[in-house]
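Take a look at the structure below.
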Amino acid sequence: MLSVRRRDQGLALVLRAAAALMVVVLVGMLALLVREAWPAIGGGHVDLWGRSWQPSAGEYGLAPLLVGSLLVTAGALALAAPVALGVALFIDEVGPRWLAGVMRRGMAILTATPSVVIGVWGLTAVVPRLGRWHAPGPSLAAGCIVLAMMIVPTVAVLIERGLAAVPRERRLAAAALGLSRGTLIRDVLLPAVRPAVANALAIGAARALGETMVVMMVTGNVPQLPGGPFVPVRTVTANLALEMPYAAGTHRAALFAAALVLTLLVAALLALAFALRPRGAAT
Amino acid sequence: MIRRWARDLPWTVGAVAASAIAVGLYGWLVVSLLRAGTGRLSWRLAVEVPTDAGRAGGLAPVIASTAVLVTIALAVAVPAGVAGGAYLAIGARRAGRRDALRGVLDLLAAMPSVVFGLLGATLFADILGLGYSLLSGGLTLGVMILPLVVRATDVALTSLPGELTRDAAALALSRWTTLRRVLLPAAAPALGAGVMLALGRALAETAALIFTSGYVDRWPSSVFDSGRALSVHILDLAMNVPGGDPSANAAAVVLLVAVVVIDLLALAIHWRVVRRPS
């Protein structure tokens, strides 16, 4: 029978090993990315600002892919932010209590909707209708709309948590002063919740940037710099999914380089979200 | 009187409109899936094999492959995840180390899934020589959901009342015994809920699997054989198979129902059991 001391030493070792595993995984992932991407970076084949992505011609300009990813994400955020804010305000303040409770739980469930499912709906229901209104269907605009829909629950849940964390005294004080609900929202709640909103948007952006299925199914997948919103584009993620199965040599390394850039962008967004997070809030 | 009402109105209208839009769009999603897939939805989906590239027939081998993939993923993620979460909750002595580790977890959890797929293919399929297989896919999936399980364990353990640990210390129990016989059993419902959420996440995953477990839609002969997950099946039908839309929509309904049921159960347990750390 192991002594108490031995047992606890063993436990401490196991727990610490598990924690170390986490760090090993992250570092290992980055190291592997760099290793596989190196032939393309070191050899100067991959061009961050290059405007032409044509692997068959040996051209690995990342600009169209990066611009595609960034524009789709920015557009999705622009569409999702007001909706998410409205939903959060509805749950927290405006809606009748019974309905607000249902909405809160509903939004929490919706955050788990599989992206393929949203993609299928986007492809079969949204894109054809969009195409009839303004050709073509699959486009940057379609990507923004469907992606926005995907991230609304996530952003709404985070903003609502920020709203719920506003100290009760402030609402009571506003009521004591006889402020209208509009003034309460505009001058008390929204300023108080600004860090939470920024944090929520950064997280939503990271999710949108990393999304593959939705954009692959509705953006048309043409690697080009878009002249307007109704033009097909291709994101870094969709490009990886489409070309990786058959890429070899320099092409494959270039794909890994694109993946590396994407990962660094997501990490930067997360760092921003962390810096913007509300102080002292329970996560 | 009217001025007050007028100040409220834009916010009320805005909040209600936003909620209506959000709910309406998701409602449209469900209705659209059901309408497009309705011809193909039946109980036979669970027992028949896909035929005609998936345009006809059922989902049985796909469901089986999905089950195997998810089982492997959980087998990897749960032991390591519970241990890591226990470290965060009770093992880490310094707050700095804890916060750093939580930061690492958040970063891992936010990584694009396609990157996991690429790296999983490189590590498991190429370097370890597993090729396109359920094992490659399951291991990749396991690494993906590992941060979720760690977080779930962390939350489950830290939301336990402090008396449990203090009472165990008063009884001079070792930390291992405290963990095994007091804390983990008490945290089991919340932990179970967290694992179910991770399971839902694994079911929904597509990009990590297309490079690792492959596209084959017949019955897998072993874990070393290739197999197709339900999410990948939906993707293939929607994008690569002309006329595959009704089957894609039907399969999407199946996946959506599965994920929603699992998550509803998990969240119901979670809301009932987890208090905010006091």
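Only one of A:Leu26, A:Leu21 is within 20 Å of B:Leu118 (Cβ to Cβ), within 29 Å of the chain's Cα centre (by Cα) and not polar (S, T, N, Q); which? Step by step, each of A:Leu26, A:Leu21 is checked, and only A:Leu26 is within 20 Å of B:Leu118 (Cβ to Cβ), within 29 Å of the chain's Cα centre (by Cα) and not polar (S, T, N, Q). In segment A:145-168, which residues are of a type outside the set (A, V, I, L, M) and at pLDDT below 90? Hits for segment A:145-168 are A:Pro167, A:Arg168.
Between A:Gly249, A:Gly227, A:Gly182, the distinction of being surrounded by fewer than 19 Cβ atoms within 10 Å (Cβ to Cβ), of a type outside the set (Ser, Thr, Tyr) and in contact with a Phe, Trp or Tyr (Cβ under 6 Å, 6 or more places away or on another chain) belongs to A:Gly182 only.
Of the residues that make up segment A:148-167, is at least one away from chain B (no Cβ under 11 Å), more than 19 Å from the chain's Cα centre (by Cα) and without any contact (Cβ under 8 Å) to a residue 60 or more places away in the chain? Yes, segment A:148-167 contains a residue that is away from chain B (no Cβ under 11 Å), more than 19 Å from the chain's Cα centre (by Cα) and without any contact (Cβ under 8 Å) to a residue 60 or more places away in the chain. Can you tell me which of A:Ala108, A:Ala80, A:Ala88 is under 30 Å from A:Arg186 (Cα atoms), under 17 Å from the mean Cα position of the chain (by Cα) and buried (at least 21 other Cβ atoms within 10 Å of the Cβ)? Of the residues listed, the single one that is under 30 Å from A:Arg186 (Cα atoms), under 17 Å from the mean Cα position of the chain (by Cα) and buried (at least 21 other Cβ atoms within 10 Å of the Cβ) is A:Ala80. Checked against the criterion of being of a type outside the set (Lys, Arg), assigned to a helix (DSSP H, G or I) and within 13 Å of chain B (Cβ to nearest Cβ), segment A:192-201 has at least one qualifying residue.
Annotation: A:Gly95 fulfils all but one of (1) surrounded by fewer than 17 Cβ atoms within 10 Å (Cβ to Cβ); (2) at pLDDT 80 or above; (3) not aromatic (Phe, Trp, Tyr); the unmet one is (1).
Give the residues of segment B:250-267 that are over 25 Å from B:Ala53 (Cβ atoms), more than 8 Å from chain A (Cβ to nearest Cβ), surrounded by fewer than 21 Cβ atoms within 10 Å (Cβ to Cβ) and touching a residue at least 12 places away in the same chain (Cβ under 8 Å), sorted by residue number. B:Ile262, B:Leu265 - these are the residues of segment B:250-267 that are over 25 Å from B:Ala53 (Cβ atoms), more than 8 Å from chain A (Cβ to nearest Cβ), surrounded by fewer than 21 Cβ atoms within 10 Å (Cβ to Cβ) and touching a residue at least 12 places away in the same chain (Cβ under 8 Å).
Here B:Ala121 meets the list (1) more than 12 Å from B:Leu209 (Cα to Cα); (2) among the hydrophobic types (A, V, I, L, M, F, W, C); (3) part of a helix (DSSP H, G or I) almost entirely, failing just condition (1).
Condition check: part of a loop (DSSP other than H, G, I, E, B) and touching a strand residue (DSSP E or B) at 6+ places or on another chain (Cβ under 7 Å). Does A:Gly50 satisfy that?
yes
Pairing each residue of segment A:26-48 that is without any contact (Cβ under 8 Å) to a residue 12 or more places away in the chain with any residue that is β-branched (Val, Ile, Thr) and buried (at least 17 other Cβ atoms within 10 Å of the Cβ), provided the two are 6+ apart or on different chains, yields C-beta distances under 7 Å for A:Leu26/B:Val104; A:Leu32/B:Thr122. Which one is nearest to the other protein chains (Cβ to nearest Cβ) among residues in segment B:1-43 that are among the charged types (D, E, K, R) and under 30 Å from B:Ser247 (Cβ atoms)? So, considering only residues that are among the charged types (D, E, K, R) and under 30 Å from B:Ser247 (Cβ atoms), the one nearest to the other protein chains (Cβ to nearest Cβ) is B:Arg35. When A:Val126, A:Val117 are checked against the criterion of being facing chain B (nearest Cβ under 10 Å), surrounded by 20 or more Cβ atoms within 10 Å (Cβ to Cβ) and without any contact (Cβ under 8 Å) to a residue 12 or more places away in the chain, a single residue qualifies: A:Val117. Do we have A:Phe274 as among the aromatic types (Phe, Trp, Tyr) and either within 18 Å of the chain's Cα centre (by Cα) or not in a helix (DSSP H, G or I) (or both) here? Against the criterion (among the aromatic types (Phe, Trp, Tyr) and either within 18 Å of the chain's Cα centre (by Cα) or not in a helix (DSSP H, G or I) (or both)), A:Phe274 qualifies.
All conditions but one from (1) assigned to a helix (DSSP H, G or I); (2) more than 15 Å from the chain's Cα centre (by Cα) apply to B:Leu130; the one that does not is (1).
Suppose we keep only residues that are among the small types (Gly, Ala, Ser) and in contact with a Leu (Cβ under 7 Å, 6 or more places away or on another chain) within segment A:11-47. Which one would you say is farthest from the other protein chains (Cβ to nearest Cβ)? Steps first, answer last, please.
In the first step, residues of segment A:11-47 are kept if they are among the small types (Gly, Ala, Ser); the result is A:12, A:17-20, A:28, A:31, A:37, A:40, A:42-44.
After this cut, where a residue has to be in contact with a Leu (Cβ under 7 Å, 6 or more places away or on another chain) as well, the list is A:19, A:37.
Working: A:Ala19: 4, A:Ala37: 10 Å.
Of everything passing the filter in segment A:11-47, A:Ala37 is farthest from the other protein chains (Cβ to nearest Cβ).
Is it the case that some residue within segment A:159-170 is within 30 Å of A:Ser52 (Cα to Cα) and either touching an Asp or Glu at 6+ places or on another chain (Cβ under 9 Å) or assigned to a helix (DSSP H, G or I) (or both)? Among the residues of segment A:159-170, not one is within 30 Å of A:Ser52 (Cα to Cα) and either touching an Asp or Glu at 6+ places or on another chain (Cβ under 9 Å) or assigned to a helix (DSSP H, G or I) (or both), which makes the answer no.
Considering only segment B:1-58, state which residues are outside any helix (DSSP H, G or I), of a type in the set (Ser, Thr, Tyr) and either closer than 17 Å to B:Ala252 by Cβ or touching a residue at least 12 places away in the same chain (Cβ under 8 Å) (or both).
First, pick out the residues of segment B:1-58 that are outside any helix (DSSP H, G or I): B:1, B:41-42, B:47-51, B:55-58.
Then drop every residue that is not of a type in the set (Ser, Thr, Tyr), which leaves B:42, B:51.
Result: B:Ser42, single match.
Exactly one residue among A:Gly137, A:Gly122 is over 21 Å from A:Val197 (Cα atoms), modelled with pLDDT of 90 or more and either in a loop (DSSP other than H, G, I, E, B) or out of contact with any Ser or Thr (no Cβ under 8 Å at 6 or more places or on another chain) (or both), and that residue is A:Gly122. Reported count of residues in segment A:86-109, each being hydrophobic (A, V, I, L, M, F, W, C) and more than 7 Å from chain B (Cβ to nearest Cβ), is 7. Among the conditions (1) part of a helix (DSSP H, G or I); (2) within 13 Å of another protein chain (Cβ to nearest Cβ), A:Ala112 misses just one, which is (1). Within segment B:104-127, being without any contact (Cβ under 8 Å) to a residue 60 or more places away in the chain and more than 7 Å from chain A (Cβ to nearest Cβ) holds for B:Ala109, B:Asp126, B:Ile127. The residues listed here are A:Val233, A:Val218; of these, the one that is touching a Ser or Thr at 6+ places or on another chain (Cβ under 7 Å), buried (at least 23 other Cβ atoms within 10 Å of the Cβ) and closer than 20 Å to B:Pro112 by Cα is A:Val233.
Screening segment B:136-249 for helices (runs of 4 or more DSSP H) wholly inside it with 1 or more residues that are in contact (Cβ under 8 Å) with a residue 60 or more places away in the chain and within 11 Å of chain A (Cβ to nearest Cβ) returns the ranges B:184-204, B:230-239.
The values are calculated or read from the model by the stated rules, or taken from the named source; none is laboratory data. In this text the structure is predicted, and so the values were computed from the model without any measurement. In this analysis, Cβ positions are derived from the backbone assuming ideal geometry, glycine residues included, and neighbour counts consider all displayed protein chains.
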